[in-house]
1. Looking at region 45-60, which of the residues that are closer than 20 Å to residue 186 by Cβ and surrounded by fewer than 15 Cβ atoms within 10 Å (Cβ to Cβ) is farthest from the ligand (Cβ to nearest atom)?
2. Can you name the residue in region 134-172 that is assigned to a loop (DSSP other than H, G, I, E, B), touching a helix residue (DSSP H, G or I) at 6+ places or on another chain (Cβ under 9 Å) and touching a residue at least 12 places away in the same chain (Cβ under 8 Å) and, of all such residues, is nearest to the ligand (Cβ to nearest atom)?
3. Return only the number of the condition from (1) more than 14 Å from the ligand (Cβ to nearest atom); (2) touching a residue at least 40 places away in the same chain (Cβ under 8 Å); (3) more than 21 Å from residue 161 (Cα to Cα); (4) in contact with a strand residue (DSSP E or B) (Cβ under 6 Å, 6 or more places away or on another chain) that residue 76 does not satisfy.
4. For residue 225, which of the numbered conditions (1) assigned to a loop (DSSP other than H, G, I, E, B); (2) within 13 Å of the chain's Cα centre (by Cα); (3) at pLDDT 95 or above fails to hold?
5. Taking the condition surrounded by 18 or more Cβ atoms within 10 Å (Cβ to Cβ), modelled with pLDDT under 95 and either within 11 Å of the ligand (Cβ to nearest atom) or not in a loop (DSSP other than H, G, I, E, B) (or both), does residue 186 pass?
6. Does region 202-222 hold any residues that are assigned to a loop (DSSP other than H, G, I, E, B) and either touching a strand residue (DSSP E or B) at 6+ places or on another chain (Cβ under 8 Å) or surrounded by fewer than 15 Cβ atoms within 10 Å (Cβ to Cβ) (or both), and which are they?
7. Count, please, the residues in region 149-173 that happen to be under 12 Å from residue 117 (Cβ atoms) and in contact with a strand residue (DSSP E or B) (Cβ under 7 Å, 6 or more places away or on another chain).
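The values are calculated or read from the model by the stated rules, or taken from the named source; none is laboratory data. Keep in mind that what you see is a predicted model, and the values were worked out from it rather than measured. Note: ideal-geometry Cβ built from the backbone for every residue, glycine included; neighbour counts use all protein chains shown.
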Ligand SMILES: NC(=O)c1ccc[n+]([C@@H]2O[C@H](COP(=O)([O-])OP(=O)(O)OC[C@H]3O[C@@H](n4cnc5c(N)ncnc54)[C@H](OP(=O)(O)O)[C@@H]3O)[C@@H](O)[C@H]2O)c1
C-alpha cells in the first residue's frame, strides 16, 4: 500500500534527507515549507531519484493557524495521512540584549519550533490512519543539554510528544521524536559556520564518536519510528548524537 507521508521543512537539510529516505517505499510525499523555491528544487530532485513516488509541495507558514487549517483541510481531502514528520523549525533566538529583545527571542524560538509541530498535528488529527498512523517530531540534544530559548522550545516539543503519545495510543497512532546532535550540513548551521569556522571543532569536541552527524543518519532514525512495524514504540525521544548524551531515551 502506498503511504501518504508529510515532511515539514522537507525542502532542505534534514527534512530533505528524510524525504529521500522514504523513496524506498515509493510513497506519496507531501513537502511543506515557507519558501516555494527550495520546495520545488527538492521535489524535482526526489522525482528524478524515484519516478514511482509522487511528490507535491505546499508553501505554508506553519506558525499561522489559519494557513495551517486551510492546508490541513486540503491534505485531508486527499485521503488519510500515514506519516507526519514534523521537522520544521530552527534556532531563531536573537541572542541577549535588553528585555524586549530577550522576550522577542524566546517568543521566536517558541513560535518557530513548537507551533509548526503542534498546529499541523492538531489540524490533521482526524486524518491520521487508525491504526498505523505515525507522528515523528524533530527535537534536539539542546532540550537536554541546556541552551536558552532554543533548547527550552525543543523541551516543550518533548513534553508535547509524551502527552500526544498517550492521547493517541488507543487509536494505534504512535508519537515520537528524534533529537539530533550537531548536524552541520544544513541551512541551520551553514551561515553560522561561514561566520565562524571554529564552531565545528568546538561542537565536535564533546562528541565521543569524534565527528558530526549527517542528515542521512537522522533520517534513518525517523525511518525506524515511522515504520509500519514500529507500532509498539511510542512516547520516545530518540537521541541521535554520536554518544554526546549516553543512556537517554
Ligand atoms: N542541524 C542540526 O544540527 C540540528 C540539530 C538538532 C535539531 N535540528 C532540527 O532539525 C530540524 C531541521 O533543521 P535543519 O538542520 O535541517 O535546518 P534547515 O535546513 O534550516 O531546515 C529547516 C526547515 O524548516 C522549514 N521551516 C522553518 N520554519 C518553518 C515554518 N514556520 N513553516 C514552514 N516551514 C518552516 C524551513 O523552510 P522555509 O525556511 O522555507 O520555511 C526549512 O526547510 C529543525 O527543527 C531543527 O531545529 C537541527
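1. 49
2. 140
3. Evaluating residue 76 over (1) more than 14 Å from the ligand (Cβ to nearest atom); (2) touching a residue at least 40 places away in the same chain (Cβ under 8 Å); (3) more than 21 Å from residue 161 (Cα to Cα); (4) in contact with a strand residue (DSSP E or B) (Cβ under 6 Å, 6 or more places away or on another chain) leaves (4) as the failure.
4. Exception for residue 225: condition (1).
5. Taking the combined requirement at face value, the residue satisfies it.
6. Hits for region 202-222 are 205, 206, 208, 209, 210, 211, 213.
7. Number of matching residues: 4.
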